[in-house]
Amino acid sequence: MESSVQGTPLSATLSLVMSQCCRKIKDTVQKLASDHKDIHSSVSRVGKAIDRNFDSEICGVVSDAVWDSREKQQQTLQMAILEHLYQQGMLSVAEELCQESTLNVDLDFKQPFLELNRILEALHEQDLGPALEWAVSHRQRLLELNSSLEFKLHRLQFIRLLADGPEKQLEALSYARHFQPFAHVHQREIQVMMGSLVYLQLGLEKSPYCHLLDNSHWAEICETFTRDACSLLGLSVESPLSVSFASGCVALPVLMNIKAVMEQRQCSGVWSHKDELPIEIELGMKCWYHSVFACPILRQQTSDSNPPIKLICGHVISRDALNKLINGGKLKCPYCPMEQNPADGKRIIF
């Protein structure tokens, strides 16, 4: 049966269909080959780009003598990762890391992060109760920080009552008493909220006060709470690990260029202090966390071992510069003709 079928000549129609199918298959194969050629050309350059932009010896950028012992490095890194996990709310992962790394973490270290995450989770579910309770209990310290957190929480609670319609009008008016302590600072905002009551019968969503119902207020209150609570608890808003990683991405290419120059000129001893880079690296305003003073005489950044010294005339130089300018037990200011006793210089802290 099969041999008879194989020997049967194709009809004109079937032959046309077969030729069209073969042509379509051929065109598809050619298109796939062309597309693969374009992709292969791009993919083949990836390896060269990686080799060109990434150095396999990144660890050799800095001499081991600059840092603490390897055990101390490992412990510091583990604590940074742990703090990052707690700050991001990954509590179970953080606990697992504690157990596997045998880190001894005090409950006092965990407690601020646990409280922070508990309140933030409630805010994400639009529950203002825990945040309001926390803000009221820390009212005095928040006022010292010029924080508007408590007012914003009360404002959001008031807006929630307005959103429920005319049935909650009396309750909203009663709740407005919470604004009294903030009237001298947030008078304009309180007036706007009181004015919205006029449109409560018609519906706020169709009034000039519809912006009060915007969901962006919830994202804003989460950001405000995180910022103010971290300031109050002595925590950074961004985890030290994420800041260090972002700074390292900017600084590493510069340090690798410096490494190549030092190797070429055989001056490996240029960088020997762990608290100072061999050159200044601009990380941007986002990474500015404290004031930095560079000595105008020696062009060096001051440190704990070489602090800034204020002279009697008001000019500030580093201690190393002061010691080098002493002549015969007297010091002449490099910026004005005033002579003075070097012992009269006072250390200042920025």
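The values are calculated or read from the model by the stated rules, or taken from the named source; none is laboratory data. Computed from a prediction, not measured in an experiment: that's the story for all the values here. For neighbour counting, all protein chains shown are included, and Cβ atoms are generated from backbone atoms with ideal geometry for every residue, glycine included. In case anyone asks, the SASA skips ligands and DNA or RNA and just uses the protein heavy atoms, side chains included. Shrake-Rupley method; radii C 1.70, N 1.55, O 1.52, S 1.80 Å.
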Item to check | Residue (of Ser244, Phe225, Ile348) at the positive-pole extreme of the chain, dipole from beta-carbon charges | outcome: Ile348
Next on the checklist: Please compute the Kirkwood hydrodynamic radius over the range 79-182, one decimal place, Å, based on all pairs of different Cα atoms.
Outcome noted: 16.1 Å
Checklist entry - Summing +1 for each Lys or Arg and -1 for each Asp or Glu, what net charge is found among the other residues whose Cβ lies under 15 Å from the Cβ of Gln111? => result -3
Checklist entry - Does a label point 7 Å from the Cα of Ser236, set along Cα-to-beta-carbon, have any residues of the range 76-109 with amide nitrogen under 15 Å, and which are they? => result 76-88
Next on the checklist: How high is the relative contact order of the chain? Use alpha-carbon pairs under 8 Å, at least six apart in sequence, and give a whole percent.
Outcome noted: 12 percent
Checklist entry - From a point 7 Å beyond the Cα of Ser207 in the direction of its Cβ, which residues of the range 146-170 have a backbone N at a distance under 17 Å? => result 155-170
Item to check | Förster radius 30 Å - calculated FRET efficiency between Leu283 and Val43 (Cβ-Cβ, nearest 0.05) | outcome: 0.30
Checklist entry - Pulled fully out, how much extra length does the chain show between Gln187 and Lys346, if you take 0.36 nm times their separation in residues and subtract their Cα-Cα distance? => result 52.7 nm
Next on the checklist: Before I look further, what does the chain give for accessible area per residue, probe 1.4 Å, in whole square angstrom?
Outcome noted: 69 Å²
Checklist entry - Ranked highest first by the average count of other Cβ atoms within 10 Å around their residues, in what order do 237-249, 336-348, 25-37, 155-167 fall? => result 155-167, 237-249, 336-348, 25-37
Next on the checklist: In Å and on Cα atoms, what radius of gyration and Dmax does the chain show?
Outcome noted: 34.1, 121
Item to check | Glu121/Arg52 FRET efficiency (R0 56 Å; Cβ-Cβ; nearest 0.05) | outcome: 0.80
Next on the checklist: Let's see if you can work this out: charge +1 on each Lys and Arg Cβ, -1 on each Asp and Glu Cβ, no other charges. What is the dipole magnitude of the range 111-205 about its Cα centre, in debye to the nearest 20?
Outcome noted: 340 debye
Checklist entry - Given charges of +1 on the Cβ of Lys and Arg and -1 on the Cβ of Asp and Glu, with all other atoms neutral, how large is the dipole of the chain about its Cα centre, in debye to the nearest 20? => result 1360 debye
Item to check | Given Lys286/Lys310; Lys110/Lys259; Lys259/Lys286; Lys110/Lys286; Lys72/Lys110; Lys72/Lys286, the pairs whose alpha carbons are separated by over 32 Å | outcome: Lys110/Lys259
Next on the checklist: At 1.4 Å probe size, with the rest of the protein present, what percent of the exposed accessible area of the chain is carbon and sulfur atoms?
Outcome noted: 54 percent
Item to check | Extension gain, Ser291 back to Asp214 (0.36 nm per residue minus Cα-Cα distance, nm) | outcome: 23.9 nm
Next on the checklist: Suppose R0 equals 35 Å. What FRET efficiency, 1/(1 + (r/R0)^6) with r the Cβ-Cβ distance, do Leu107 and Ser137 give to the nearest 0.05?
Outcome noted: 0.95
